[in-house]
Amino acid sequence: MMDASELYQSIILDHNRAPRNFRAMPEATGESEGYNPLCGDRIKVWLRVQDDRIVDVSFQGSGCAISKASASLMTAAVKGKTRAEAEQLIAAFHDLITGSGCRDDLPAALTALGGVREYPARVKCATLSWHALKSALDGGRPKSVRGSEIHL
Ligand code: ZN
């Protein structure tokens, strides 16, 4: 039987190897690109919002296993959510990664990334796509986020 950390590692490896929703989205209503200069991760997030609900979300980019797995898990978690629910998830994930602890309002798969808080250098890898998602939600128009604008 796998212990928790092995299980978490296998979730991250799986999402890195076969990322979900990994495609561009020409019909997007919002998009944003995040760049993490510390690690070289570059993730672009697209979403389509209809009647205040995220009906589709996708991403593309290159980066380390953590950044890709986090983006993949994120798209799976927020698809179908309302804007308010997505913002709540973003806040909960932020708490998880920065060490405010495991929140029970997070999907179990996302908690696989909780171990990242032990490695401060990887925190930006894990949160990059989430910042891009928030920016895409807020802006609603194509725009990009630079690494220097990412504050945690
Ligand atoms: Zn990285």
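The values are calculated or read from the model by the stated rules, or taken from the named source; none is laboratory data. None of the values given here were measured: they were computed from a predicted structure. Virtual Cβ from ideal backbone geometry, glycine too; neighbours counted across all protein chains shown. Areas reflect the complete protein model, heavy atoms only, side chains present, ligands, DNA and RNA absent. Shrake-Rupley method; radii C 1.70, N 1.55, O 1.52, S 1.80 Å.
Miscellaneous remarks
- Accessible area per residue, Å², the stretch 1-91 with all protein chains present, probe 1.4 Å: 50
- Residue 22 accessible area, assembled protein chains, probe 1.4 Å, Å²: 80
- Mean separation of Cα contacts under 8 Å (6+ apart) over length of the chain, as relative contact order %: 31
- Across the stretch 56-111, Cα-Cα pairs more than 14 Å apart make up 55 percent of the total.
- For the Cα trace of the chain, dividing Rg by the Kirkwood Rh returns an Rg/Rh value of 0.94.
- Cα-based helix-to-principal-axis angle, 83-98 vs the chain, degrees rounded to 10: 30
- Spin-label model, residue 121 to residue 4: label points 7 Å out along the Cα-to-beta-carbon direction sit 2.5 nm apart.
- Between 0 and 90°, nearest 10: helix 65-78 axis offset from the chain longest Cα axis: 60
- Per-residue ³J(HN,Hα) for the stretch 119-127, Karplus 6.51 cos²θ - 1.76 cosθ + 1.60, θ = phi - 60°, Hz, x for Gly and Pro: 10, x, 5, 9, 4, 5, 4, 6, 9
- Counting only protein heavy atoms and using a 1.4 Å probe, the accessible area of residue 64 comes to about 30 Å².
- GluC sites (Glu not before Pro) lying in DSSP loop within the stretch 73-125, provided at most 15 other Cβ fall within 10 Å: none
- Set of lysines near residue 124 by C-alpha distance (under 23 Å), chain-local residues within fewer than 8 positions excluded: 44, 68, 79, 134, 143
- Loop-located GluC sites (Glu not before Pro) in the stretch 1-53, at most 10 other Cβ atoms within 10 Å (DSSP): 27
- Rounded to the nearest 10 degrees, the inclination of helix 4-17 to the longest alpha-carbon principal axis of the chain is 40 degrees.
- Among 76, 86, 121: highest mean-square fluctuation, GNM of the chain, C-alpha pairs under 10 Å: 121
- The label point for residue 85 and the one for residue 38, both projected 7 Å from the Cα toward the Cβ, are 3.1 nm apart.
- Counted without the sites themselves, the longest stretch of the chain free of trypsin sites (Lys or Arg not before Pro) in a DSSP loop having at most 13 other beta carbon atoms within 10 Å is 24-145.
- Surface composition of the chain: carbon and sulfur make up 50 percent of the accessible area, probe 1.4 Å.
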